[in-house]
Each structure stands twice: as structure tokens, then as C-alpha cells.
Amino acid sequence: MVAVSSWGSMLREEHDVHMLTNRDTPLFSNDQLGIAYGLGKSYGDVCLNPGGVLWNTTRLDRFIQFDAVTGVLACEAGVLLSDIQRLTMPSGWMLPVTPGTQLITVGGAIANDVHGKNHHVYGSFGDHVTQLSLARSDGTLMQCGPHGQTDWFSATVGGLGLTGVITQAEIQLRRFASPWLNTETIPYHSLQEFFDLADASEEGWEHTVSWVDCTGKKNVRGIFMRANPVTEPMSNDCSARSGSMPFMPPVSLVNRFSLKLFNTVYFNRHKLSERIMHHDRFSYPLDSVSHWNRIYGPKGFYQYQCVIPRESGYDAVASLLNEIAKSGQGSFLTVLKTFGNRESIGMLSFPRPGVTLALDFPNQGEKTLALFAKLDDIVQAAGGRLYAAKDARMPRDLFEAGYPQLNTFNQYRDPGMSSALSRRLLGS
Amino acid sequence: MEEIVEETMEETVVETTKKRIVIIGATSRIAEHCARLWVRDEAIDLTLVGRNEAKLQQIASDLHVRNSESIIRVLATRFIDPMDIQHLVEGIMTQGAVDLVLIAHGILPDQQACQQQLVDNYEALVINGVSPVMCAEAFVTEMEKVNHGTVAIIGSVAGDRGRKTNYVYGAAKGLVNRYVQGLQHRLAKTEVKVVLVKPGPTDTPMTAEYKANGMPLACVKGVAQDIVDAIEKKKFMVYTPIKWRLIMKVFCNLPRFILHKLEV
């Protein structure tokens, strides 16, 4: 048994870890329930199964085939998104969708159907998977994709690892001219201004995202960022600085005082500007700081990410930001972003048309959970939902209300797959 | 685009200007990561030798995707019996000169089983000690004829001093240690080099039991990088991670009466 935790670092419990080493070998579960575990970058308990089995996929890290003419890549599920980018970018291909980090596995990206700053153009990760293989706990291996066994595919994309262990996938990459982006930074001073900017940027801008000051009690203010690829080829060389949070401080460095200070400085440092930025720096600013989660101290942190339908989006986001500011909790990086007007293919995929708000909270126990209860009420009343990949505590009724295809999904569950999250939210 | 070549011994000589590398025990996790580093840097002519053909093919496909200009050959065979080794090495050498051989095979035996079952004991000694040095001997002898080539061989920190919890494995690796010393002496005036690598416990399938017990293990990528660097610099011997040099210095100088009180 080995102690394993996820990125939020709140649970560190013993697991029976089985390293998967061969994509063609059936799962051997010995009748114990288990769940796939990649790099453990999910924030909550979707990848944890205390006391039970974890099928670690990080040694399934082989490429299988890459066609530099069509841009179709086949690889094992433990390959990192950063490995793919490094391999294919020199030949002019890249992943169409990556989240705010590329240090995650392909299997995790599919099981959580991750999204990025270009959702309105490219959808989510699962939209670009053309086939995948599942190792089921009954010892069988099955293939599914958008053109065969489509129901299994819809259940597995965003399926939280509960339909089986994803062992390999085929992904259609996209062509790109340059890894450099033309970026624009625009400060905004009200929520309406944010929505106006987001709507105006949907046509004509490939990446949109915004940072919002989560401490502002009176007015909403933030920084809107949008970017398009540079069309003329430029050098691929990006001398990225990298660092690490070298130790775990005894208490969280994110507190009421540092929060106010950071948010104020951050807002005031960003003026209306245009500049050319490398894709990696724009898309994965935190990848250059390893172990950044240690900043929250030994008690760890929660991330809260919701999506609210557009009709109720304005009022709900205003209420959410107001509750958060009143509580004095929150983090340095609060993200506010609109999703494109497209449904996800996964039955339990998170992205849907609307607006999404995401931020970290240092774990302050009851105080933090009490705030979440208030936020949950706002989300539920507005017809929104929370992102399971980020979650460690949402109530089951909020999950059920947010994911209307849950009953259909349950028909595709692998009875041998179970996680702390599935027991909490799906009852088994 | 080059294809993955399935090798047979009767295959004709392939002339190539690419650097020619052979890995014995190519399904070893450390060896696989070394191969990834080699194909990352340049297009090479690589022969993967191992017992499990399906596994070798998976590794070959991966390396081929990583560098489609490289020639990746797969050779599934046994290399424990001296005649098998002789045959294997001659076959490889008839295809042309080899620039580098990495000898990476090994198993981590159950010490208790080795004490109780001499068959297990014998197998552990042969696989970890006798077979690797015979492979080295055969390649070195061929390389000496053309006065060119490097043999890198993976030993272990366990070979530096015997201790009760793994002396069978340690003795086999100690044999490798001493054998390499002799080869290095013999080849001192030639252009043939032998590099001995001594990894500490590394995160590979071989150490799965250590990992399950929560023992800290070195990252295989770092170990592979150290090996590739040591070969590049033609070092005689390298510990990886480097901290093991100091740890083993202390451990080897520990007075016997202290060691005998320790449960290590």
C-alpha cells in the first residue's frame, strides 16, 4: 500500500497501486474495485480510491503511430500532453485542445473531457478523439469512438474513469503556423463589460479568458485576455523560465492579506496592451512552477469551478463573486470565461454553453465549506453545474441536477470501477 | 520514412552511415528511456534485443514515432546460454561495426527464495552477472578487432558490498563490477571503452515491490539521462543518481561490527 494524493493534496491515503505496463494486457483486478490514476493532477477525489486499487497509467507512455500527413496520432493513455506537443509541433501539428496545464495524461484529459481557452472554436478534448481503447474489469478490451460504439464513447469521454481504464487513444491534431500568439490585454471594470468583451471576441479570436479580482466587494473588475496565432512563421524557440515551490510552508501563504495585496497589484499592473507571446507562456503559465500547489500549505486546497447557462449567467456570477468577496476567501488566480455555444459529446462532460468561473480556496475547514454551500445554492438556482474533475465535496443533489444524462451514463458503468468521487456522487 | 525491421540472423549486411547502437535487454525500462534520448538527438540505427517480441515491437513503434528517420531493428532471442550469446553477437557484428552496446538486462530476485532454492539462486546469478559479462566479452572482442566501440553495462550499487537482504543479486552485480575493471585494464591502450553504470533503486517494474512498500526510488528519466551522459563522456564508472557515490562510500567503509548490527 502506498500513500497517494491528488493535486488538491487534501486526502493522502493508502492505495494498492498497480502499475500498468502493457496496453494489450487485460486488467487483473482480483475482484477489488479500482480506478485509473495518471499524474494525479485532478484537484479532488475523482482519481482516488482510498484503501482500494489504483491502476497507474504513467508507464503506458508509448506512442503507437503518427501520420505527419493527416495529423492523426495514436498513443497510450499515460502519454503526457506536453510529450505530444514536443513530438508533433516541429512537423506543424498540435493538440487542438489543452487545459491550463499540459502536464497531464491523455487518459485523464479524456476521462475529464478537459477544455481550454479556445472552447468556442475547438470544443473540448473529447471532440478530437477519433478512437479509444478501454480495459474493462471483466478482462475484456473494447474499442469505441465517434464512428463505432458511439454510446460507449459518449459515456467514456468525460466519464470520470468509471467505464473502464482508458489504455490508448487516437487523436486528430490540428495544423498550426506558429507557436506564437498575438495577444491583447484589456482591463474591464464591470461584469457587463466582461460579457461585452467576451461576446465581441467570440468571432475573430481563437483564445479568450479573463482574470477577475475575487476580493472586489463594490465592483467587478478584471483583465480580459484574447489571442490569435501569429500567421507568419516564427522561431519555435521559447526560453521559458522555470522554478519550483521548493517546500511546503507550515500554513497557507494565501490568506486575507496576501489575497487583497496580490489582486490589487495584479489588476493595476495590467494595462491595455498588445504583444506577441509564446503559446506555452500564454496557455500554461503555471507549468513553469512545479509543485505550486504547496503554496496552500499542508491542509491543501479546494478548487471550485462552475458553469452557469447564459440566461442566468450575469446575475449568478455577480452573486457568486459577491459571496466570495464577502467571505474574504479565494485565491490569486480567479478565472472567468464564456464557453462557446456547443454541447459536449460526453454524457458527463462539464462544458456547456454559458459562463464558467473557477478559483482555488485554501482549505479552512468549516468556514470554506460554509461558503461553498452558499455558492452551491446560487449555482443550482441558476441551473448550473460543477466540474467533477475539480471537486472534492459537492452535494449529490447538485451533481444529479447538473448532469441530466446521469441515468443513461449509469448503464455504461464498469462495475469494477469505483472512486472516492463515484461513491460520494453516484452511490457506488 | 524508415520502417521497423524484424531481424533474422541471415539478414544481409546493411550499410549505414548512422550511428549504430545495440541494446541487450531492450525491454528494460531504463534501457527504453536511454533509447528515447538517443533517438531524440539524432537519427540512429538501433537494434533492440530482448526475449519478448510483442513488447519489443511496442517499444520499436514508439521509437519510430519519436524519430521516423531512425532505423529500428527488433531481435527476439535468448541470451543466457553462452552459445546463444556467441551466435547473437556474431550475427549483429556481421551486419557491420557497432558504435555502442548497452547491456541492460537483469532481474531482482527474491533473496529468501534464493537461499532456499538453489535453482533460483543460480538463475539470479546467471541472469544478473554471468550473462551480462559474457555479452560484454563477446562484443568487446569484436570491437577490439576494429579498435572502435563502446560497451555500457548496467551494474548496481548492490554490487559494492554484500548484505544479508540481497547478496545474491549483489554478488552477481559485483561480478560485473570486477569484470569491467579487468576489461578496462585490458582495453586501456585501445579505442574501445567500457562504461559501468551503478544505479541506485530506480522506479521500474523490477522494483515494483520496493515501490509498493513506499521506498523512495529514483526517477527513471534522470537515471537514463545520467547513463547517456556518462557514455558520451566515456566515463569508466558512474553512480546514478550521483548521491549514491557518497552513500556507497560511507556504506563500504562501515566497520563490520556495525554493519552486522544493522537490518539492511
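The values are calculated or read from the model by the stated rules, or taken from the named source; none is laboratory data. Computed from a predicted structure; not experimentally measured. Heads up, the Cβs are rebuilt from the backbone with ideal geometry, glycines too, and the neighbour counts pull from every protein chain shown. SASA here: full protein model, heavy atoms, side chains in, ligands and nucleic acids out. Shrake-Rupley method; radii C 1.70, N 1.55, O 1.52, S 1.80 Å.
Things worth noting here:
- Pairing residues of region A:407-428 that are touching a residue at least 40 places away in the same chain (Cβ under 8 Å) with residues that are open to solvent by 10 Å² or more (accessible area, probe 1.4 Å) and among the basic types (Lys, Arg), at Cβ distances under 6 Å and at least 6 apart in sequence or on separate chains, gives A:Asp414/A:Arg136.
- 1 or more residues within 14 Å of chain A (Cβ to nearest Cβ): qualifying helices (runs of 4 or more DSSP H) within region B:170-264: B:208-212, B:220-232
- Criterion (at pLDDT 90 or above, among the hydroxyl-bearing types (Ser, Thr, Tyr), touching a Phe, Trp or Tyr at 6+ places or on another chain (Cβ under 6 Å) and surrounded by 14 or more Cβ atoms within 10 Å (Cβ to Cβ)) met by exactly one of A:Tyr284, A:Tyr314, A:Tyr302: A:Tyr302
- Selection status of A:Asp16, within 11 Å of chain B (Cβ to nearest Cβ) and either outside any loop (DSSP other than H, G, I, E, B) or modelled with pLDDT of 95 or more (or both): yes
- The set of residues from region B:49-69 being under 25 Å from B:His87 (Cα atoms), in contact with a helix residue (DSSP H, G or I) (Cβ under 6 Å, 6 or more places away or on another chain) and within 13 Å of chain A (Cβ to nearest Cβ) comprises just one member, B:Ile59.
- Among the residues listed as A:Met10, A:Met89, the single one being under 21 Å from A:Val289 (Cα atoms), more than 12 Å from chain B (Cβ to nearest Cβ) and surrounded by fewer than 24 Cβ atoms within 10 Å (Cβ to Cβ): A:Met10
- Filter result for A:Ile110 (part of a helix (DSSP H, G or I), within 14 Å of chain B (Cβ to nearest Cβ) and among the β-branched types (Val, Ile, Thr)): no
- Residue match in region B:23-31 (condition: in contact (Cβ under 8 Å) with a residue 60 or more places away in the chain, open to solvent by 10 Å² or more (accessible area, probe 1.4 Å), in a loop (DSSP other than H, G, I, E, B) and closer than 21 Å to A:Asp61 by Cα): yes
- Hey, A:Thr21 in contact (Cβ under 8 Å) with a residue 24 or more places away in the chain, in a loop (DSSP other than H, G, I, E, B), within 14 Å of chain B (Cβ to nearest Cβ) and in contact with a Pro (Cβ under 8 Å, 6 or more places away or on another chain) or not: yes
- Residue count for region B:51-87, restricted to those that are among the aliphatic types (A, V, I, L, M) and in contact (Cβ under 8 Å) with a residue 40 or more places away in the chain: 7
- In region A:254-278, the residues that are farther than 17 Å from A:Ala325 by Cβ form Cβ pairs under 6 Å with partners that are of a type in the set (Val, Ile, Thr), at six or more places apart or across chains, as follows: A:His270/A:Thr185; A:His270/A:Ile223; A:Leu272/A:Ile186; A:Ser273/A:Thr185; A:Arg275/A:Thr183; A:Met277/A:Thr183.
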